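Data block below; observations after.
The values are calculated or read from the model by the stated rules, or taken from the named source; none is laboratory data. Small disclaimer: the values here were computed from a predicted structure and weren't measured. All Cβ positions, glycine included, derive from the backbone under ideal geometry; neighbour counts span all protein chains shown.
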Amino acid sequence: MLKINDLHARVENGTPILKGIDLEVKPGEVHAIMGPNGSGKSTLCQVLGGRDGYEVTSGSVEYLGEDLFELEPEERARAGMLLGFQYPVEIPGVKNIYLLKEAYNAQRKHRGEPEADTFQFLKLVREKLQMMQMDESFLHRAVNAGFSGGEKKRNEILQMLVLEPKLALLDETDSGLDIDALKIVSEGVNKLRSADRAIVLVTHYQRLLSHIEPDFVHVLSDGRIIKSGDKTLAHELERSGYQGIIGEAA
Amino acid sequence: MSTQSQDVEQLIKREYKYGFSTDIDQEILPPGLNEDVIRAISAKKNEPEFMLNWRLEAYRHWLTMREPSWAHVHYPKIDYQAISYYAAPKSKDDAPKSLDEVDPKLLETYEKLGIPLHERARLAGVAVDAVFDSVSVTTTFKEKLAEAGVIFCSFSDAVRDHPELVEKYLGSVVPAGDNYFAALNAAVFSDGSFVYVPKGVRCPMELSTYFRINAMNTGQFERTLIIAEEGSHVSYLEGCTAPQRDENQLHAAVVELVALDDAEIKYSTVQNWYPGDEEGKGGIYNFVTKRGQCLGRNSKISWTQVEAGSAITWKYPSCVLIGDNSVGEFYSVAVGNNMQQIDSGTKMVHVGKNTRSTIISKGISAGRANNAYRGLVKVVGGAEGARNYTQCDSLLLGDRCGAHTYPYIEAKNPTAQIEHEATTSKIGDDQIFYLKQRGISEEDAVNMIVNGFCKEVFGELPMEFAVEAQALLAVSLEGAVG
């Protein structure tokens, strides 16, 4: 589904941040990418999402058999890739329900399906709201405007549940959540797990991984994946810290 | 990806859809302004003497006045002698008696503009008075309105058929010498629209005027007068376009509204005059005076405007709230892209007791445009219990445009309650990226944010015009981001 080959990238005209990432994600898999601050986790997400201001200097990324970098961000999204933001953006004046519907229909249009009618769509959204234990009033609030940190993250997962991406890249979705919210968010993510979808979790902490069990764990340091393993690697990290692993790899 | 970026390139080159001009026989007065020109205009229209005298008085007053310079706009000095003050489509006889007699090319023009003169108008239930350059070409639905007792006709017809009403109300709201451009208009205005709604009548349909400047080097000086008698109700819409020309053209209109006891006038404008090109070449100077007088008790005047065109907009639709408990409203969306300059806002003058006013202004700036809100809320000594609420929001796209706010508040009565709220925000790259990452295209993302920003104002427009306004904004802001 996602094949990253020797990816090098930097902030435009800045110093290199990603220095040769190799990663393959297959349908049905859950990958966790862990690493200390400044290791390149967020840059990797932004580059995969297609954010302006980053420059890919070499390497390639294939998504569903296509060259990812040939696709505009909106095309990536319509092709089923969803980036869950570390800091979800506030958009005053635009209602949540409106964004959800536009995004949902953009995907349907892309697949050649008719737009959803309002009634059916609302039914679908209500179901997902319930999963996320969110009140219906959320739908009529402006996108993330005045939301608490936890509400914003829940809203990201709500969007994910509605859009049902083939590949979800969740950038520190766990940061800023209390234990109860973490549980709700994790359950939301777990609901998406299926044989034909893949999830990439980017996180600092092992605690998320006790709620969402990954198939693979990768340790990112200084722009490279220095170690990969199964979920036990996360426990090892918890014990010895990033320094332990980084020292061992060096 | 390559086709994608081509699309974007095309979008960035902002197209002005109404930039065509129509090649028809026109009768045009040579450029220049003096008393003879004014006499000629008045004679062409077979005006009664009071009109000619009024014009001449205005002209003499205008000569003593100076062009205002306080607005936050810049333009080279206008040579008033280089403008032609009258241009009319030439017909075989005088005026066309029916649509069949109207030059087919003219009808084609309106067709292109999407103005429904024929059947579409009937379906939409809109009565249209179309002003082409200086004269009103045709007024549809005159008969159906006449059944209700509503008079809706060109200003010239009103002068001929209802001189007593014209004489009574002309200049009663915007006096001939009110300001430089209003005085110029009073001297040379060649046509416009006239509406009279009798006592207790609810006008059975939306009334609509479409203005079009076609001829080169002409100014358009139209004048609209709407009178709503006791307990009556009318909703009036105007739309404006002009061909794409490299020279600037002057548009100096005057609108006067009079609402008597318990009457209500709703006046909506979708202004899309040619804004000039990306470098600021060409475009209309839109210097307009619009004012409504809530003369009667419990009367209400509501202005809604979507200002998307013009090189320069200088316009302050205002309400003078004389009757007790009268209400004034101003809802505005003003969009400037490229080199456009806007200095617009409103005046709410509270004279009567318990008068209320609401001002909602949404200014959007993109490209290198400058957008200023200028508003006055004035409460005179005797206006017990006056209330005003003002909300003034600015939205910036990119980092080369400007937003300015000049609120003036004068309260002479201690019971006055005046609230003013203002915000400035910017469409951020992060917002655009967020929406794109949800599958929404860049243009749609901008439109979504802009429409969200403007929705309080769009909500005030009649349904079909709200849709038009949204589309217009989308066109105006194409390529403004990215």
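The table below gives the values:
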read-out	value
Unique match (being buried (at least 22 other Cβ atoms within 10 Å of the Cβ), of a type in the set (S, T, N, Q) and more than 19 Å from B:LEU461 (Cα to Cα)) among B:GLN271, B:GLN293	B:GLN293
Subset of the stretch B:293-311 (residues that are on the phi < 0 side of the Ramachandran plot and within 13 Å of the chain's Cα centre (by Cα))	B:TRP303, B:THR304, B:GLN305, B:VAL306, B:GLU307, B:ALA308, B:GLY309
Contacts under 8 angstrom Cβ, first residue in the stretch B:456-472 being assigned to a helix (DSSP H, G or I), partner at pLDDT 75 or above and hydroxyl-bearing (Ser, Thr, Tyr), 6 or more apart	B:GLU456/B:TYR331; B:VAL457/B:THR304; B:VAL457/B:TYR331; B:VAL457/B:SER332; B:PHE465/B:SER268
Output for the stretch A:204-220, where each listed residue is crowded, with 18+ Cβ neighbours inside 10 Å and either at pLDDT 95 or above or in contact with a strand residue (DSSP E or B) (Cβ under 6 Å, 6 or more places away or on another chain) (or both)	A:LEU209, A:PRO214, A:PHE216, A:VAL217, A:HIS218, A:VAL219, A:LEU220
Filter result for B:GLY363 (surrounded by 22 or more Cβ atoms within 10 Å (Cβ to Cβ), in contact with a strand residue (DSSP E or B) (Cβ under 6 Å, 6 or more places away or on another chain), of a type outside the set (A, V, I, L, M) and modelled with pLDDT under 95)	yes
Set B:THR313, B:THR304: member being under 16 Å from B:ASN371 (Cα atoms) and surrounded by 24 or more Cβ atoms within 10 Å (Cβ to Cβ)	B:THR313
Residues within the stretch B:163-200 that are of a type in the set (S, T, N, Q) and assigned to a strand (DSSP E or B), tallied	1
Selected residue (only one of A:LEU158, A:LEU177 is out of contact with any Gly (no Cβ under 7 Å at 6 or more places or on another chain) and either part of a helix (DSSP H, G or I) or more than 14 Å from every other protein chain (Cβ to nearest Cβ) (or both))	A:LEU158
Long-range neighbours under 9 Å by Cβ, at least six apart or interchain, first residue farther than 24 Å from A:GLY40 by Cα within the stretch A:171-184, second β-branched (Val, Ile, Thr)	A:ILE184/A:ILE157
Flag for B:VAL457 being under 24 Å from B:GLY345 (Cα atoms), more than 8 Å from chain A (Cβ to nearest Cβ) and in contact with a Lys or Arg (Cβ under 9 Å, 6 or more places away or on another chain)	yes
Residue check, B:ALA386 among the small types (Gly, Ala, Ser) and modelled with pLDDT of 95 or more	yes
Count of the stretch A:15-42 residues which are surrounded by 15 or more Cβ atoms within 10 Å (Cβ to Cβ), of a type in the set (D, E, K, R) and not in a helix (DSSP H, G or I)	2
Residue in the stretch A:36-51 that is under 30 Å from B:LYS362 (Cα atoms), of a type in the set (Lys, Arg) and facing chain B (nearest Cβ under 10 Å) present	yes
Qualifying positions in the stretch A:186-221 - in contact (Cβ under 8 Å) with a residue 24 or more places away in the chain, in a helix (DSSP H, G or I) and either more than 24 Å from A:ALA79 (Cα to Cα) or polar (S, T, N, Q) (or both)	A:SER186, A:GLU187, A:GLN206, A:ARG207, A:LEU208, A:LEU209
So B:ASP444, is it of a type in the set (D, E, K, R) and either surrounded by fewer than 22 Cβ atoms within 10 Å (Cβ to Cβ) or touching a Cys at 6+ places or on another chain (Cβ under 7 Å) (or both)	yes
Filter pass, A:GLU12 being surrounded by fewer than 16 Cβ atoms within 10 Å (Cβ to Cβ), acidic (Asp, Glu) and touching a residue at least 24 places away in the same chain (Cβ under 8 Å)	yes
Residue match in the stretch A:169-186 (condition: touching a strand residue (DSSP E or B) at 6+ places or on another chain (Cβ under 9 Å) and surrounded by fewer than 22 Cβ atoms within 10 Å (Cβ to Cβ))	yes
Selection from the stretch B:207-236 of residues that are farther than 29 Å from B:LYS77 by Cβ, modelled with pLDDT of 85 or more and either of a type in the set (Ser, Thr, Tyr) or under 12 Å from the mean Cα position of the chain (by Cα) (or both)	B:SER232, B:SER235, B:TYR236
The one condition in (1) more than 18 Å from A:ILE157 (Cα to Cα); (2) more than 14 Å from chain B (Cβ to nearest Cβ); (3) β-branched (Val, Ile, Thr) that A:VAL30 fails to fulfil	(1)
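Yes/no per residue for (1) closer than 16 Å to B:VAL159 by Cβ; (2) without any contact (Cβ under 8 Å) to a residue 60 or more places away in the chain; (3) surrounded by fewer than 16 Cβ atoms within 10 Å (Cβ to Cβ):
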site: B:GLY32; (1), (2), (3): no, yes, yes
site: B:ILE38; (1), (2), (3): yes, no, no
site: B:TRP54; (1), (2), (3): yes, no, no
site: B:TYR59; (1), (2), (3): no, no, no
site: B:SER69; (1), (2), (3): no, yes, yes
site: B:HIS74; (1), (2), (3): no, no, yes
site: B:ASP79; (1), (2), (3): no, yes, yes
site: B:TYR86; (1), (2), (3): yes, no, no
